[in-house]
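> Starting off with a structure, shown below.
The values are calculated or read from the model by the stated rules, or taken from the named source; none is laboratory data. Keep in mind that what you see is a predicted model, and the values were worked out from it rather than measured. Here Cβ is always computed from backbone atoms with ideal geometry, including for glycine, and neighbour counts include all displayed protein chains. Quick note on the areas: whole protein, heavy atoms, side chains included, nothing else; ligands and nucleic acids left out. Shrake-Rupley method; radii C 1.70, N 1.55, O 1.52, S 1.80 Å.
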Amino acid sequence: MTNQNFLTIVCTVFVIVFLIASCREDDSPNDAIATAAAKQEFDREIASATDGAKIVRANEEWKRILTREQYDVLREKGTERAYSGEYWDNHEDGVYVCAACGLPLFDSKTKFESGTGWPSFWKPINEKAVEEISDRTFGMVRTETVCSRCGGHLGHVFDDGPQPTGLRYCMNSVALRFIERGNLK
């Protein structure tokens, strides 16, 4: 996938997210049909963005692209200190994307206060956005989450989250970039 195709997909996804978010619950039946169509288009765009196409770069290239902290977390599976990240207490409306490749990962509407000091979500923006990998480091059994496009380490998912999923995607702020819904145009 070329950079131009990638940018086109990401921009299209952001526009569709903005359109969906701007629809009100009291819209007319015709608006509901348009909203459903926009959601289907959004789902198609996310699916095409997560169609298995991978971004592969050498470690030296990742080091040039990412900050030292981003590289440590995204490529070396590090973890930022609790309550130190930019987004653990963010309450703005928008979308969280992968800091390495821009893939939309989480919607702020699924973010919740977990009390852990890391941004936590009860589901990804699309089931194909993140991959889950068994992690047996440090004598524990956990489930690591990585970006499905670039393989960057995001954090871990636990089964102690709120309903409707019961999951807590505990992410590192440095692995994410937040885009306010108003800037998704």
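> Given H placed 1.01 Å from N in the peptide plane, which residues other than close sequence neighbours of Tyr87 have an amide H under 5 Å from its amide H?
Ser173
> Any idea how far the Cα center of segment 151-178 sits from the one of segment 48-123, in Å?
About 9 Å separates the Cα centre of segment 151-178 from the one of segment 48-123.
> For Gly152, enumerate residues with amide H under 5 Å from its amide H, sequence gap 5+ or separate chain, H modeled in the peptide plane.
Cys147
> From the alpha carbon gyration tensor of segment 52-171, can you work out the equivalent ellipsoid semi-axes (sqrt of 5 times each eigenvalue) and give them in Å, largest to smallest?
22, 16, 15
> Separate question: If the only charges are +1 at each Lys and Arg Cβ and -1 at each Asp and Glu Cβ, what is the size of the charge dipole of segment 102-169 around the Cα centre, to the nearest 20 debye?
140 debye
> Can you pull the percent of segment 118-185's accessible area that's carbon plus sulfur, 1.4 Å probe, other chains left in place?
Percent of accessible area from carbon and sulfur atoms in segment 118-185: 50.
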